[in-house]
Amino acid sequence: MTMTMKTTVSAAALMLSAVAAQAQEIRFMCHGDGTECAAAMAIFERFEAANPGVDIVLDKVPYQTILESLPIQLAGGTGPDIASVTDLGGLNQYYLDLTPYVDADYWTASFGGTLDWYRGGEDRQGIYGMHSGLTITGAYINRTLFDQAGVEVPSADADWDTWAAATREVAEATDTTFPMAMDRSGHRIAGPAISYGAQYFDAAGEPILVDEAFQAYIQKFVDWNNDGTMAKEVWGGQGGSTYRDAKQEFFNGELVYYFSGSWQVGSFEENIGDLFDWEVVGSPCGAGGCTGMPGGTGYVGFAQTEHPEIVAAAIDFLAQEQNYADYTNSARSIPAHAGVAAAGVAYEGASPEAAAALNGWSAQVGKLEPIAFAYQGHPNNRAMFNITVTRVSQAVVGELTVPEAMDRMKDDLAAAMAEAN
């Protein structure tokens, strides 16, 4: 990056030299679909150079490890010093509070409302994590298949039925295996449900999960999985709340329309190359809008670390404006840092398709509905996501009817909220 940006030296960085001289190892557990981990390590290597004796060791793991194994490790008093996480508020009890080590005014000005996503409970003051980039859920298409089929790409305000009809037509004309697929994730299906009119919360702000509009979208989704519109293997191929994506099917040209999210851009750029043209088409519209779900990954330290000063200083170093801008450029992410977003990111070295895709995702930010932000920030959203995946999958494979799945989801939510309270 060539732009000049403000850099703040934190108290932690000034304190660090004497601590770092003791040659401490910091374990960094990271997942990523693209270049996120490598981009973070490039900045952490600068931190190591400025602090001889500090050794940040990368443990790159599958996303499933972050979802399932990391919470178990933390509950047992083990785990890394730093990690990339997506259950932002749900793991709050394990986070290191960075507040004593960083410039709180700088962090508040830079990261604003995303800081709340990490706080959980009633705490509205602590600084527990750095949002490494906004993500937005939505769809990609294989544009080459549309062109080969001679089918017009639906407009930006097209609804789900229009997209389903178009992708079925493309798949039939090009002998493509799957018209549509959606990641097996409660977070991923939430945006479409909200667009369909689902509210997720009552008038008092309490979670309800199931309402008439939610059930109507789930019924449509289940029907599409059983008539061949959706790739049934994604949601019906495994049980429980296990995550499953469909990016390999998209890489292979077996999929016309893939509902996933902005974090896939780097992976698509790397794996698709010039095999076919792809592009971002956002989220289909409905009575509730044209919204995806906001989200993203954050970097957090854990209170059990033996080196809190170093951990806090390393995260704070990554949060400095120039470093964060360089990270965003390399990670191909949408910046959550206000200063970097205002200055803009050139995405130097990105292919024309990747740059267009990132700009396409940025254009979706204004379409996000308030309900989507509220759901992403709710401290019990992980339980709600998992309930959704488990019960919708049972409906997809025929273990439950959709009305039965809705009843089970209501019971599951009541039990989860009772446990949380």
Open item on the list: Show me the helices (runs of 4 or more DSSP H) entirely contained within region 219-282 in which 2 or more residues are at pLDDT 95 or above.
Closed with: 232-236, 247-251
TODO: From Ala164, Ala158, Ala149, grab the single residue that is touching a helix residue (DSSP H, G or I) at 6+ places or on another chain (Cβ under 6 Å) and small (Gly, Ala, Ser).
DONE: Ala149
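Can you tell me which of Glu269, Glu309 is among the acidic types (Asp, Glu) and in the same structural domain as Gly32 (by TED's automatic domain parsing)? Walk me through how you get there before you give the answer.
On the way: Glu269 fails: in the same structural domain as Gly32 (by TED's automatic domain parsing).
The match here is Glu309.
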TODO: Can you tell me which residue within region 306-354, out of those that are touching a Gly at 6+ places or on another chain (Cβ under 9 Å) and polar (S, T, N, Q), is surrounded by the most Cβ atoms within 10 Å (Cβ to Cβ)?
DONE: Ser333
Task: Residues located in region 139-193, provided they are among the charged types (D, E, K, R), touching a strand residue (DSSP E or B) at 6+ places or on another chain (Cβ under 8 Å) and farther than 20 Å from Ala246 by Cα - done: Asp157, Asp159
Task: Residue list for region 281-299, filter: crowded, with 24+ Cβ neighbours inside 10 Å and among the hydrophobic types (A, V, I, L, M, F, W, C) - done: Met293
Task: Matching entry among Ala372, Ala338, Ala319, Ala314 (being hydrophobic (A, V, I, L, M, F, W, C) and out of contact with any Ser or Thr (no Cβ under 8 Å at 6 or more places or on another chain)) - done: Ala314
Task: In region 50-96, the residues that are in a helix (DSSP H, G or I) and farther than 23 Å from Ala38 by Cβ - done: Glu68, Pro71, Ile72, Gln73, Leu74, Ala75, Asn92, Gln93, Tyr94
Task: Residues of region 326-348 that turn out to be more than 19 Å from the chain's Cα centre (by Cα) and either within 11 Å of His131 (Cβ to Cβ) or aliphatic (A, V, I, L, M) (or both), as a count - done: 5
TODO: Looking for whichever is outside any helix (DSSP H, G or I) and outside the structural domain of Cys285 (by TED's automatic domain parsing) here; the options are Ala336, Ala356. Which one fits?
DONE: Ala336
- [ ] Examine region 214-237 for a residue that is more than 17 Å from Ser393 (Cα to Cα), surrounded by fewer than 19 Cβ atoms within 10 Å (Cβ to Cβ) and in contact with a strand residue (DSSP E or B) (Cβ under 7 Å, 6 or more places away or on another chain), and state whether such a residue exists.
- [x] no
Open item on the list: What's the total number of residues in region 364-376 that are buried (at least 19 other Cβ atoms within 10 Å of the Cβ) and part of a helix (DSSP H, G or I)?
Closed with: 5
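Of all residues in region 298-356 being among the polar types (S, T, N, Q) and touching a strand residue (DSSP E or B) at 6+ places or on another chain (Cβ under 7 Å), which is nearest to Tyr101 (Cα to Cα)?
Top of the filtered list is Thr328.
The values are calculated or read from the model by the stated rules, or taken from the named source; none is laboratory data. Just so it is clear, the structure is predicted and the values come from calculations on it, not from any experiment. Virtual Cβ from ideal backbone geometry, glycine too; neighbours counted across all protein chains shown.
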